[in-house]
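This report concerns only the one structure given below.
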Amino acid sequence: MNEMHDHLPLANIKPHSLAMLFKRILEPALVVVGLWLITKIERLPFTGDYWVLSIMTFFVSSYVFGELHERRLRKDPRSVKLVAPIFVDWGVVMGILLVLGYVCEFYSQFSMRVLVPWAVGAPIGLLAAQHVQLRVMSDLRTKGDIHKAIIIGVNPTALKLAERLNDYPTLMINLVGFFDDRSVGRQPEGTYTPLLGSMSDVAAYVREHGINSVYISMPISAQPRVLQVIDELQDTTASIYFIPDIYIFNLIQARFDYVGGMAVMAICETPFTGMNNFIKRASDIVLATVIQLMLLPVMLVIAICVKATSPGPVIFKQRRYGLDGEEIVVYKFRSMTVMEDGGKVQQATKGDMRLTRIGGFLRKTSLDELPQFFNVLQGRMSIVGPRPHAIAHNELYRKQIKGYMLRHKVKPGITGWAQVNGLRGETETLDKMRARIEFDLEYLRRWSLIFDLKIIFQTVRIVLKRDNAY
């Protein structure tokens, strides 16, 4: 992965998540800041009552702005550029606040010199925020930071979806083309759409061209080959959608979604969409920062010990697969006399002769993993997620374990659901690795912030017991 790209502020935020960040966090914060500024202009104290009003305003507007934006986007994506919805949304917020103020009987505590200009001026600030959002989205699209998509099947439904993707650039999706087993001459009358290939070519094309989304517009009950394509796509990190409904086993975050106002069903999707992506990243930053500050003295002692007990660098860097299968560099305290990072990597085993004098202790206590909190702050990893494997192991197991690459639909983690269920350390058999992958996929299906915290607490307990790592 390009190292410079990792440090861009918006590099790890998907377009939809960025829009929701504006609606649920930045715009409500802007409204609250406006209230504070008006009190300062009027030379009035920002009392406890104003703090209460600010908190209520933030949460009410966050909910209203986010929910109404989602509804409009589903109905007509063009509405995100209109001015009227901003005044409607703010009117709803003000109505709710007036009702709350009346019920709580505290509306008389505020000066009309503050409330009137605030109520009138807030929509103007929101208009400016919308302009900034659209500029940011336009810049991302110009730089190519958009999703690439293909459609399988050429029929009226597929063509309608293609039209929506083309008409609504705010969706940030670039339709690359179509795949179908029927030649152009055999397509429905009036379509005659050029093809990129047949259905058997889809998986290879997705891998080669970095396609993010695949939309299937074919009746699955009548087309067994669609199941074969879906099966082959599990060796990629592309999100898969079926139009319209579908019944299929082993779903990953299956849910209905909307693209350009059209209903589609995700059958293989990351759990980190919308606000979930923001919540996950925010929790990672907060926890990683706190942990790093607490453990900084420990890390300095470990670094000195590593350097003093064996020749070589303190930090071992190894290439791994990260989000969407992109290559990343993962940091660890060096615990071995070798630094394998090629086409063949041997896993550490019990009593491994390659361990340094303190390497066994570092691996047993998982202290060698501490530098990966820097990976978390960089945005390359998460605190909780599937453990990243060496690239050599990925290339080996993706051919032997069905659905192996689906674990890369989320950022790799320092700890994971598989590790707290006893699958920590060496996986000397294919069955053990297959079991680890099953837990990784279960994590994708079950994710929540509470689930992450549960895994973190269980990890601490297991590390203190010093089981299964060498």
Estimated FRET transfer efficiency when R0 is 56 angstrom, pair Glu438-Val116 (beta carbons, to 0.05): 0.40
Exceeding the 29 Å Cα-Cα cut-off - candidates Lys160/Lys411; Lys23/Lys317; Lys23/Lys411; Lys409/Lys454; Lys148/Lys399: Lys160/Lys411; Lys23/Lys317
Efficiency of FRET from Cβ geometry, Leu377 and Phe87, R₀ 45 Å, rounded to 0.05: 0.65
Amide H within-cut-off set for Arg334, under 5 Å, with H built and near neighbours excluded: Ile315, Phe316
Check: the range 94-186 dipole with +1 on Lys, Arg Cβ and -1 on Asp, Glu Cβ, in debye: 200 debye
Difference of contour (0.36 nm per residue) and Cα-Cα distance, Asp49 to Tyr102: 17.7 nm
FRET efficiency for Glu67 and Val33, using Cβ-Cβ distance with R0 set to 25 Å, rounded to 0.05: 0.65
Built amide H within the under 5 Å cut-off of Ile240, gap 5+: Val214, Ile267, Cys268
Gyration tensor verdict on the range 289-341 (Cα atoms; rounded if a/c is under 1.5, prolate if a/b is larger than b/c, oblate otherwise): oblate
Gyration tensor (alpha-carbon) shape descriptor, the range 389-433, a/c threshold 1.5: oblate
Derived scalar couplings ³J(HN,Hα) [the range 262-275; Karplus, 6.51 cos²θ - 1.76 cosθ + 1.60; whole Hz; x for Gly, Pro]: 9, 6, 9, 10, 7, 10, 8, 9, 6, x, 9, 10, x, 5
Additional length obtainable on full extension of the chain from Ala303 to Arg357, 0.36 nm per residue less Cα span: 18.1 nm
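We did not get these values from a lab; they are worked out from the coordinates using the rules stated. Everything numeric in this text was worked out from a predicted model, so none of it was measured. Counting neighbours? That spans all protein chains shown, and the Cβs are built from the backbone with ideal geometry, glycine included.
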